[in-house]
1. Cβ neighbours within 10 Å, averaged per peptide: list 384-391, 404-411, 257-264 in order, most packed at the top.
2. Return the Cα extents of region 471-513 along principal axes one, two and three, sorted largest first, each rounded to a whole Å.
3. Along the Cα→Cβ direction, 7 angstrom out, place labels at T290 and K243. What is the inter-label distance in nm?
4. Hand me the tally of lysine pairs in region 111-264: alpha carbons under 23 angstrom apart, and the pair either on different chains or 8 or more positions apart.
5. So how do 124-136, 428-440 stack up, highest first, on mean other-Cβ count within 10 Å?
6. Using a probe radius of 1.4 Å on heavy atoms only, what accessible surface per residue do you get for region 141-277? Whole Å² is fine.
7. Cβ under 12 Å from K408's Cβ, K408 left aside: what net charge do those residues give with Lys, Arg +1 and Asp, Glu -1?
8. I'd like the carbon and sulfur percentage of the solvent accessible area for region 168-280, probe radius 1.4 Å, heavy atoms only, ligands and nucleic acids excluded.
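The values are calculated or read from the model by the stated rules, or taken from the named source; none is laboratory data. Since the structure is predicted, the reported quantities are computational estimates derived from the model, not experimental observations. Glycine gets a Cβ as well: all are built from the backbone with ideal geometry, and neighbour counts include every protein chain shown. These area figures cover heavy atoms from the full protein model, side chains too; ligands, DNA and RNA do not enter into them. Shrake-Rupley method; radii C 1.70, N 1.55, O 1.52, S 1.80 Å.
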Amino acid sequence: MRLQHDLFSSSAYDFRLFDLNNQYRNNQQAAAGARVRGRRLFRGRFPIPQFNYSLPNSFFISVWKPQVLQLHQLSTEDYQFENLSVSSNYDKDNHSWNVLENPAYTIILDGYLYLKDSSTLDIKVNLARLLNEMSVSTIEKALQKIGGGMFNLVIVDKKWQRLIITCDRLGCMPLFFMEDNDGFHISGNQFAFKEATSVNNAASVEFLKYGFLPFSPSVFDNVQRLLPGQILNVSLEHADVRKSGVHVREFKPLAHRITTLKAASEALHEAYKHFLDRLGEGQYAVQMDTGYESNLLTGWFRKKRPKLIELGETEDNSSQLAQLFNLDVMKDKSAADNATLSVSGLAERSRIMTSLENLYPIWTQEVIQRHRPDFYFHTFMGDVVVGSSHFHALRASKNSLKKFVLEKERLNRKIHKVSDYQHFLYNGLNAIPDEELHGLVDKSREVWLLNGARSVLEMNRNAGQVHEDFLEALQNYTLSRCLYAAEPVALSRYMACICPFTDYEIIQTCYDIDKKIRAGDKLYNHYLRTHFRKLSRLRKAGYGGRPSDSDSTYRLKRATRFVLGKALNRISSGEKDKFDKKELVRLVSELSDRIPAWILDAIGSAVEQEKLDNRLMVRLVSLSSYMESQPQSVIV
């Protein structure tokens, strides 16, 4: 029989929050000192895999098999229950690491979450309520009440001697796991497993080709990544694992979708309002970008007087918003303008493995942490969820542009052949063509990458009713989850980094809207015209049009700016040349002793003759930096 009790009743369950500033401090200092001296976790007669327990701003959890415990004695850890050990190296003021316990459960949260019916975004309050829901009902029912967030959740069920592990429905907060003869191990950073396994050569080629890992779970052999919404059930008695399937958010049939702008705008507004009702008092900050996302966030939070964080090339946008709502702008371009970008500790600062050509995940965290707001609202997934960037893109052909301007482009098309999507994934996603990889992609690795693309298709096979649904699901799984999420994940170690567009209700509302309504910024423009008329007069950076324009005028301006942009890119040096080629060649030469021999054999002559693609050299430097802790630099 389960106890029914008030969450805040002192006579009921005794909730104990493991405060990193207090209760963890002594354990962490002792454990850190032991790790520096090279002490093993266990004392015994045979070797234990050497996991990197001292990797800064990470955690490590192990479920050890009984036979291992019979021969070895656990050293003091941050948390221990039976054969479960938890080690945390997070900074004492880290916002994304919380542990809460009562007599029945211990829950460990990596990231942030909130419940559907919660009236606050406060992480500790929502975590306490989730623990209470588990105690009065079941774990499964409690998990269904989560309303959004980016998180990993580890639940110790003391009664049934099991570990329940899950993550958010998009799978953006990375969690890696490995099974071996000694037990089951998980960490928030794949590089914690670096010494316990070997680098996967095919995954390394995948990183060099795409600049991130769209298909591989990690760059190491036998190290898997938790899939979106997946649940792992680990027996504490035997350390065996049962895995659920991936969570696939399904689209409604076309006949049941919202097909009018007015209805779509009102449905979206209700979802936004429900999220906004959770806002409390505190210092707010909003990320500035060149799209509609930062405009919309600023409009929502204007009464909270948020600070606008200006990064990179967002000066025009932030100054217009600041003037419109009389807000303060925090300008900080020092990292972007700096000639040298330090890449030391890359594995520690970016849990999602991305190339240095995607600079934001690396340097924005160093800029924003200096401002330390109570809540930092990030634009992640804004153009993907409300807009149409993952299923509707302009093409340079005259016929395509004409159809776009006249709003006669075909949408809601039938799903294509599997091979079409397989080759779309293989040749897209920022890919360097195989012929420019100088033999790194041989036949066996080509097959391996194609199989990786096929596995992504299989996991998302039930996602869509039409071609555009399927495209959106595939790119959410690859680009959003494995590349774009790198920045908010990195920022979460410094502050409460909230991504409103990952709210489950907002995502589902947008998925329920017909693609014809979301394409070409149609929904965005109508929503801003209806609810934020002042914002609708601001020009969208890079597009030329304003939401206040008529649909036909906006599309004409966007198509014109698109053609001009293509022409200017052909005249200028282009995106590939934003890194200094000579400095890259020098740096690759200096790193030659750290680059695997099989890679050097393939590209060595091309490096010497300076014929290597700039992006490939940047990705080589990135790969070497992830694998090597010594500081290096890239001249930009």
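1. Numbers: 384-391: 22.1, 404-411: 14.2, 257-264: 15.9.
Result, highest mean Cβ count within 10 Å first: 384-391, 257-264, 404-411.
2. Principal-axis extents of region 471-513 (Cα, largest first): 35, 21, 8 Å.
3. Modelled inter-label distance: 3.9 nm.
4. 18
5. Values: 124-136: 19.8, 428-440: 16.2.
The densest-packed peptide leads the list: 124-136, 428-440.
6. Details: 4840 Å² over 137 residues.
Accessible area per residue: 35 Å².
7. Values: positive: K402, K403, R410, K516, R555; negative: E407, E409.
Cβ neighbours under 12 Å give a net charge of +3.
8. Numbers: 1910 of 4040 Å².
So the carbon and sulfur contribution to the accessible surface is 47 percent.
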